[in-house]
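The values are calculated or read from the model by the stated rules, or taken from the named source; none is laboratory data. Since the structure is predicted, the reported quantities are computational estimates derived from the model, not experimental observations. All Cβ positions, even for glycine, are placed from backbone atoms using ideal geometry, and neighbour counts span all protein chains on display.
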Amino acid sequence: MASPGAAPLRDAVGGLDRDPFVALLAKLIGESRRLQNDPPAHVPQEDLVAQHVVDALLPVSTDTGGGPLVVRKVSYAEGRSNVIVEYPGTVPDRVVSFVGMHMDVVPANPDDWVSC
C-alpha cells in the first residue's frame with residue numbers, strides 16, 4: 001500500500017520510465033573503475049557517481065523549481081561525496097523513512113563480466 005504522501009511525489013516525478021533509469025545505471029557502471037575501494041592503489045572517487053545522481057534528480061528538485069525533492073551533495077573528504085535527498089513532509093519534525101547506501105565498490109574488472 002502506498003503512503004498518502006506518495007501521490008504528490010509520483011505526480012511530480014511522473015511515471016517510472018525505464019529509459020532514464022537504464023541510462024543512469026549505465027553511467028554508474030561506466031564509473032566502476034574509479035569507485036574501487038582497494039587502498040592504497042585505489043581510493044574511490046564517489047564525486048563522479050554523486051554528480052550523476054544529482055544530475056538525474058535535478059528535474060524533480062527544488063533547485064530547479066521542477067519538483068519537491070531537496071537534493072544536496074555533501075563531502076567528508078576530497079573526492080568522496082554522497083547525496084542526501086529529502087522529500088519534505090506535511091508534518092513538521094516527522095521523518096517518514098531513511099534509505100542508506102554507499103557508492104564505493106570492491107575491486108571489479110568489467111572486462112571479466114559476463115552478460116546474462
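Residue under question is ARG72, and the condition is that it be part of a helix (DSSP H, G or I), in contact (Cβ under 8 Å) with a residue 12 or more places away in the chain and among the charged types (D, E, K, R); does it hold? Quick ask: steps written out before the conclusion?
Working: part of a helix (DSSP H, G or I): no; in contact (Cβ under 8 Å) with a residue 12 or more places away in the chain: yes; among the charged types (D, E, K, R): yes.
Taking the combined requirement at face value, the residue does not satisfy it.
Looking at segment 84-95, which of the residues that are touching a Leu at 6+ places or on another chain (Cβ under 8 Å) and in a strand (DSSP E or B) is farthest from VAL54 (Cα to Cα)? Full working, then the answer.
So the first thing to find is which residues in segment 84-95 are touching a Leu at 6+ places or on another chain (Cβ under 8 Å), and the list is 85-87.
Subsequent filtering for residues that are in a strand (DSSP E or B) retains 85-86.
Values: VAL85: 9, GLU86: 12 Å.
Here the residue is GLU86.
Starting from segment 75-88, keep only residues that are within 15 Å of LEU35 (Cβ to Cβ), then list their pairs with residues that are exposed (fewer than 12 other Cβ atoms within 10 Å of the Cβ) whose Cβ atoms are within a distance under 7 Å, requiring at least 6 positions of separation or different chains.
Correct list of pairs: SER81/VAL74; ASN82/VAL74.
For the structure I just gave you, tell me whether ASP63 is modelled with pLDDT under 80 and either of a type in the set (Asp, Glu) or in contact with a His (Cβ under 6 Å, 6 or more places away or on another chain) (or both). Spell out how you get there, then give the answer.
Values: modelled with pLDDT under 80: no; either of a type in the set (Asp, Glu) or in contact with a His (Cβ under 6 Å, 6 or more places away or on another chain) (or both): yes.
Judged against the criteria, ASP63 is not a match.
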